[in-house]
1. Would you point out the residue of region 159-173, among those that are part of a helix (DSSP H, G or I) and within 13 Å of ligand 2 (Cβ to nearest atom), that is surrounded by the fewest Cβ atoms within 10 Å (Cβ to Cβ)?
2. Of these, 32, 40, 67, which one is closer than 20 Å to residue 84 by Cα, assigned by TED's automatic domain parsing to the domain that holds residue 90, touching a residue at least 40 places away in the same chain (Cβ under 8 Å) and touching a strand residue (DSSP E or B) at 6+ places or on another chain (Cβ under 9 Å)?
3. For residue 227, state whether it is more than 20 Å from residue 97 (Cβ to Cβ) and not assigned by TED's automatic domain parsing to the domain that holds residue 136.
4. Would you pick out the residues in region 178-193 that are away from ligand 1 (no atom under 16 Å from the Cβ) and under 22 Å from the mean Cα position of the chain (by Cα)?
5. With the requirement that a residue be without any contact (Cβ under 8 Å) to a residue 60 or more places away in the chain, part of a loop (DSSP other than H, G, I, E, B) and at negative phi, what does region 118-153 give you?
6. Which of the residues that make up region 187-209 are more than 21 Å from residue 164 (Cα to Cα) and either touching a residue at least 24 places away in the same chain (Cβ under 8 Å) or assigned by TED's automatic domain parsing to the domain that holds residue 72 (or both)?
7. Only one of these is at pLDDT 95 or above and out of contact with any strand residue (DSSP E or B) (no Cβ under 8 Å at 6 or more places or on another chain): 135, 178. Name it.
8. Check whether at least one residue in region 103-117 is more than 16 Å from ligand 2 (Cβ to nearest atom), out of contact with any helix residue (DSSP H, G or I) (no Cβ under 8 Å at 6 or more places or on another chain) and not in a helix (DSSP H, G or I), and report yes or no.
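The values are calculated or read from the model by the stated rules, or taken from the named source; none is laboratory data. Computed from a predicted structure; not experimentally measured. Reconstructed Cβ throughout: ideal geometry from the backbone, glycine too, with neighbour counts over all protein chains shown.
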Ligand SMILES: NC(=O)C1=CN([C@@H]2O[C@H](COP(=O)(O)OP(=O)(O)OC[C@H]3O[C@@H](n4cnc5c(N)ncnc54)[C@H](OP(=O)(O)O)[C@@H]3O)[C@@H](O)[C@H]2O)C=CC1
Ligand SMILES: O=C(O)C1=N[C@H](C(=O)O)C[C@H](O)C1
């Protein structure tokens, strides 16, 4: 008889948010992961919810042992969760967008000591779209490149993180992208990359209709990251 390895212990940072709630629900459906701590910015009135201990961001230093942290919060909360993972020597999966250049540099430094997967979009479709955009930009030199993104009215950053990553991919293919953003209703997330030539146009589109796709992707990446050496990983590096 072989021993069953214990479920991977997960900390969720940004647990009260739209993404945090999806992560808690979907993690609860998996046998290989168990959530040992949920962190919100403000102190919750109830300390244990559905058997999961909740902590405020100010209490981060006192959270129990974990194997991997998953962060979907805001840029103001990002430095502290990164510092916690570095100090505990634990991997970090982060989908927080809107982080600045200094925070990107801190990520790169941290990758010398812990495994890290920071991505602006954890869906499979956008991982593929990133590659398609780079190839299209290479194949269509001189065409205009425009990235149009639409999101729900609560989204704070613009252009979206995904749009900026698509722009980096287009840039690697030689294009100079322009951006346009729309905030309306409850749109989960839509991105169109439009290449326009003379008399013709190519459009590459991704529409997210349910944020579970991001949460599932992040949980999958977390389950793979725990076995990796320190370094920065992309979503596509960790796909099966
Ligand atoms: N990479 C991807 O695939 C995706 C990325 N995102 C990104 O994930 C992030 C969260 O999105 P969403 O869930 O919609 O946002 P919400 O506003 O719904 O949730 C934000 C969460 O972060 C917490 N938080 C805010 N500020 C701090 C802080 N200073 N310290 C600690 N925690 C903090 C909030 O706690 P409290 O409730 O107590 O204020 C809340 O739990 C955004 O950056 C968004 O762009 C979203 C979807 C997919
Ligand atoms: O805030 C959101 O909702 C989303 N944010 C990410 C982004 O900024 O690209 C990913 C997704 O589009 C949803």
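1. So in region 159-173, the residues part of a helix (DSSP H, G or I) come out as 161-172.
Adding the requirement that they be within 13 Å of ligand 2 (Cβ to nearest atom) leaves 161-168.
Values: 161: 19, 162: 24, 163: 25, 164: 19, 165: 22, 166: 31, 167: 20, 168: 14.
Of everything passing the filter in region 159-173, 168 is surrounded by the fewest Cβ atoms within 10 Å (Cβ to Cβ).
2. Within the list 32, 40, 67, the selection yields 67.
3. yes
4. Hits for region 178-193 are 180, 192, 193.
5. 120, 141, 143, 152, 153, listed by residue number.
6. Result: 197, single match.
7. 135
8. So far as region 103-117 goes, yes, one or more of its residues are more than 16 Å from ligand 2 (Cβ to nearest atom), out of contact with any helix residue (DSSP H, G or I) (no Cβ under 8 Å at 6 or more places or on another chain) and not in a helix (DSSP H, G or I).
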